[in-house]
Structure formats: structure tokens, C-alpha cells
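The block underneath contains the structure these notes are about, expressed in C-alpha cells.
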Amino acid sequence: MKLTIDSSSYQVLCHFLKSSSGIDLGSNKQYLVENRLSPLLKKFEVLSFSDLLPYLSLSTSFAVRLKSAIIDAMTTNETSWFRDDIQFKALQNDVLPEIALRANSAIKIWSAGCSSGQEPYTMSICCEEMVRLSALRANIQIIGTDISETVLAEARKGIYSDISMRRGLDNSFYQRYFQEVSDGYLLNSSVMRHVRFQYLNLLESFSHLGQFDVIFCRNVLIYFSDAVKRDILIRLADSLTPGGYLFLSSTETIPIDLNMFKVIRGHQARYFQKIS
Ligand SMILES: C[S@@+](CC[C@H](N)C(=O)[O-])C[C@H]1O[C@@H](n2cnc3c(N)ncnc32)[C@H](O)[C@@H]1O
């Protein structure tokens with residue numbers, strides 16, 4: 001049964017979500033909260049939204065699990081293969097070859113807010129394609145991070161349903177990089193071996209991940225306030241090697257006064273290079 005949230009409980013919950021995950025629901029998403037959290041409250045045997053509120057400021061192991069499940073349930077995990085495909089054309093044909101020629105160690109790539117894995121695995125397919133179609137060789141290490149343990153578990157499996165396979169994947173890639181298994185389509189080990197997954201909340205420090213040649217942070221910052229977005233962009237710049245590349249989605253921009261990036265255009269895509 002769907003529970004109803006009153007306006008003061010909604011405000012407390014919004015504040016919790018914003019301060020713990022950056023997710024900014026705005027003033028009228030009560031229906032979304034009720035739809036997504038009613039089953040969760042039932043599972044945790046919390047009887048109402050007002051009964052939930054005290055747990056939001058507790059640190060008992062029950063409260064910690066409940067809070068993490070709430071954040072997980074409120075994330076929007078929309079993704080697909082080769083999403084915004086011109087960006088992957090630019091990655092495969094311009095960015096990766098340029099880095100492969102100058103790199104003397106592994107090429108490190110980060111998919112920040114990777115959802116169920118299609119983005120980092122698409123990067124890995126691009127790397128495989130670059131090697132297949134050119135004389136270039138590269139040792140590629142890709143990390144996918146997300147705040148949702150649910151999508152990370154899906155990503156780690158590397159098995160995708162019929163429906164998700166139909167979203168963005170060319171037939172030739174399906175034949176080259178997947179095999180049919182009883183519960184869907186499993187990625188080949190040639191693609192999976194480059195990619196690992198890790199829980200990470202972008203609001204917290206990520207300097208321990210080290211530095212990357214390429215970062216994709218697409219369709220994630222759109223959920224955050226301008227101040228949080230700005231803070232994350234500055235820290236993403238710190239996490240790029242000199243001359244490294246940042247991809248946001250084609251509708252996202254970098255504030256004009258953040259002058260650590262220059263705009264690059266290629267294959268009709270627009271992306272950003274860290275100014276060394
Ligand atoms: C809309 S999906 C985008 C997936 C992929 N980047 C793409 O463009 O297809 C946004 C992802 O960001 C994640 N996310 C939201 N808030 C986050 C945070 N504070 N830290 C890390 N990931 C977060 C969500 O769990 C979700 O999987």
C-alpha cells in the first residue's frame with residue numbers, strides 16, 4: 001500500500017537527500033517519494049513517513065542501512081549503450097588514439113555516476129574497437145562508480161536484458177561482444193576485464209581514486225545545486241592528468257568563470273580538456 005507524505009516530512013526528507021547525496025528534488029515531487037519509498041518503508045517495517053524522520057539523524061546500523069536504501073531508491077538511473085553516440089566517436093577516434101600515443105603507462109578512465117554499467121562498458125568496447133581497427137595498442141583501466149549499490153550490483157554482473165540491449169546497441173557490437181545466456185546477454189570477458197566498479201558518493205572526497213586521462217560525468221550533475229556542481233567540477237579537474245579530457249552530456253556546461261578547461265569540438269561532439 002502506498003503511504004502518504006505530509007509537507008513537513010517531505011521538507012525534512014528533501015533536506016536529508018540534498019545534504020547526503022546532492023539530489024535536489026525541488027518542491028513538488030511528493031508522488032515520486034511516495035511511489036519509491038513506500039515499498040522500502042514496508043520492507044524496513046517503518047509504519048509511516050513521520051516515523052521515518054528520527055532515523056535520518058541517527059547512526060545506528062539499522063538507520064545507516066535505511067538511509068543508504070533511501071538514497072539508492074531516490075536515484076534516477078536512466079542510461080543506455082552509446083548514449084550520446086557522437087561523444088563515443090570522439091573518444092574512440094580522437095581522444096584514445098592521442099592518449100595511447102603519448103601514454104607510457106595504463107590509460108585510466110573514470111565513469112562517474114555509471115548506473116548499471118552501460119557507459120563504462122561502452123567505453124571499453126570503444127577501446128577494443130580502437131585496437132581492432134588500428135595499429136595502436138593500449139593498456140586500459142576503467143572504473144565505474146555510483147552511489148547506488150543496486151545498479152553497481154547489476155553492472156558487475158555484465159548481463160543485460162533484451163530491452164536494455166535494444167537501447168543503443170548496434171547489431172554488429174551485439175554479435176562481437178556478447179553471448180546469450182539463460183537470463184539475458186553476457187558481455188565478453190574482453191570487454192569486462194578492463195572495467196571495475198566501486199561505490200562512491202561524489203559529494204565526498206574522491207582524491208583517493210588517483211588521476212585519470214579521461215572522465216565521463218554525464219547526466220549526474222543535473223540533479224545537483226549550482227554550488228555542488230561547481231565544487232564537483234573543480235575536484236574533477238584536480239582528478240585529471242594535465243591535458244586530460246572531461247565529458248559531460250551534450251546539454252550540460254561548465255560555468256564560464258571556471259577557467260581550468262578549454263572546449264574541444266570533434267565528430268560533432270563537444271567536450272573539455274584540462275588546461276595544463
Ligand atoms: C541518470 S544516471 C546517468 C548514467 C550515465 N552516466 C549516463 O549518462 O547514461 C545518474 C547516475 O548518477 C548516480 N548518482 C546520483 N547522485 C550521485 C552521487 N552523489 N554520487 C555518485 N553517483 C550519484 C545515480 O545513482 C545514477 O546511477
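The values are calculated or read from the model by the stated rules, or taken from the named source; none is laboratory data. This is a predicted model, so every value here is computed, not measured. FYI the Cβ positions are ideal-geometry reconstructions off the backbone, even for glycines, and counts take in every protein chain you see.
Table for the structure above
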read-out: Residues that are among the basic types (Lys, Arg) and touching a helix residue (DSSP H, G or I) at 6+ places or on another chain (Cβ under 8 Å), drawn from the stretch 1-28; value: LYS2
read-out: Flag for PHE212 being away from the ligand (no atom under 14 Å from the Cβ), under 17 Å from the mean Cα position of the chain (by Cα) and modelled with pLDDT of 95 or more; value: yes
read-out: Top-ranked residue in the stretch 147-166 [being without any contact (Cβ under 8 Å) to a residue 60 or more places away in the chain and within 13 Å of the ligand (Cβ to nearest atom); ranked as nearest to ASN188 (Cα to Cα)]; value: ALA155
read-out: Scope the stretch 235-249; condition in contact (Cβ under 8 Å) with a residue 60 or more places away in the chain, within 15 Å of the chain's Cα centre (by Cα) and not in a strand (DSSP E or B); matching residues; value: LEU236, SER249
read-out: Entirely in the stretch 91-182, the strands (runs of 3 or more DSSP E) that have 2 or more residues that are in contact with a helix residue (DSSP H, G or I) (Cβ under 8 Å, 6 or more places away or on another chain); value: 107-112, 140-146
read-out: Selection status of ASP257, among the charged types (D, E, K, R), over 30 Å from ASN104 (Cβ atoms) and either in contact with a His (Cβ under 8 Å, 6 or more places away or on another chain) or surrounded by fewer than 16 Cβ atoms within 10 Å (Cβ to Cβ) (or both); value: yes
read-out: Residue check, ASP257 part of a loop (DSSP other than H, G, I, E, B), charged (D, E, K, R) and away from the ligand (no atom under 16 Å from the Cβ); value: yes
read-out: Among (1) within 16 Å of the chain's Cα centre (by Cα); (2) among the β-branched types (Val, Ile, Thr); (3) within 28 Å of MET130 (Cα to Cα) - the single one ILE232 does not satisfy; value: (3)
read-out: Answer from ALA90, ALA103, ALA63 - the residue that is surrounded by fewer than 19 Cβ atoms within 10 Å (Cβ to Cβ), under 15 Å from MET130 (Cβ atoms) and more than 13 Å from the ligand (Cβ to nearest atom); value: ALA103
read-out: Residue among TYR223, TYR199 that is within 12 Å of the ligand (Cβ to nearest atom), farther than 18 Å from ALA138 by Cβ and surrounded by fewer than 16 Cβ atoms within 10 Å (Cβ to Cβ); value: TYR199
read-out: Residue that is farthest from ILE222 (Cα to Cα) [pool: residues in the stretch 106-146 that are within 16 Å of the ligand (Cβ to nearest atom) and either among the charged types (D, E, K, R) or surrounded by fewer than 16 Cβ atoms within 10 Å (Cβ to Cβ) (or both)]; value: GLU119
